[in-house]
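Read the structure below first, then the notes.
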Amino acid sequence: MCVFCKIAAGEIPCTKVYEDEHVLAFLDINPVTQGHTLIIPKKHADDFTQCPSYLVARMHGIARKLAKHYDAILKPKGYHFLSNAKPAAGQSVFHVHFHLIPRYDATDGLDFAFRGTERHKLDPATQKKLHL
Ligand code: 5GP
Ligand code: ZN
């Protein structure tokens, strides 16, 4: 059983902030900002590409509710909502989870910025191929 399955089963303790039949949310053990929260489905899937859409939608709904709730308590100025899938994207626990990361200001210690460059632009033929 993976570490998050053990948390979902109550075999490993966590600081729960939300629980229902399908979804659990708890504070990250190693938070990158105050209130850094993980939202997981109780049923194992390796990452969000493997997780049924209804569960992803449910986790998104919980993230929205938690963000509204945290607004009143932690008073952040913004949030990230993201999921790392597979080692190349930095995934370290292979049970799908979404990070809800409150942001405070430029000095909250998290350096997370998209620095786009020309070299990542796709040629028009490849752009066309990407249309599903
Ligand atoms: P990833 O790198 O896979 O996107 O994120 C995994 C996250 O899980 C990390 O932020 C890490 O701190 C957190 N984490 C790993 N093990 C535990 C644990 O046992 N309990 C809690 N609460 N968080 C964990
Ligand atoms: Zn698992």
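The values are calculated or read from the model by the stated rules, or taken from the named source; none is laboratory data. Quick caveat, the model's predicted, so the values are computed rather than measured. With ideal geometry, Cβ positions are generated from the backbone for all residues, glycine too; neighbour counts draw on all protein chains shown. The protein model used for the area step is the full one, side chains on, heavy atoms only, and it has no ligands, DNA or RNA in it. Shrake-Rupley method; radii C 1.70, N 1.55, O 1.52, S 1.80 Å.
Consider region 1-43. How many of its residues are open to solvent by 60 Å² or more (accessible area, probe 1.4 Å) and of a type in the set (Ser, Thr, Tyr)?
2
Looking only at region 11-22, filter to residues that are more than 10 Å from ligand 1 (Cβ to nearest atom) and over 20 Å from Pro102 (Cα atoms); which one of those is farthest from the chain's Cα centre (by Cα)?
Glu11
Out of region 50-63, which residues are more than 14 Å from ligand 2 (Cβ to nearest atom), over 30 Å from Asp105 (Cβ atoms) and either open to solvent by 80 Å² or more (accessible area, probe 1.4 Å) or at pLDDT below 95 (or both)?
Ser53, Tyr54, Arg58
Among strands (runs of 3 or more DSSP E) lying entirely in region 1-119, which contain 1 or more residues that are among the charged types (D, E, K, R) and free of Cβ contacts under 8 Å to residues at least 24 places away in the same chain?
Output list reads 16-19.
Sort out which residues of region 105-123 are open to solvent by less than 100 Å² (accessible area, probe 1.4 Å) and aromatic (Phe, Trp, Tyr), and write them in order of number.
Correct list: Phe112 only.
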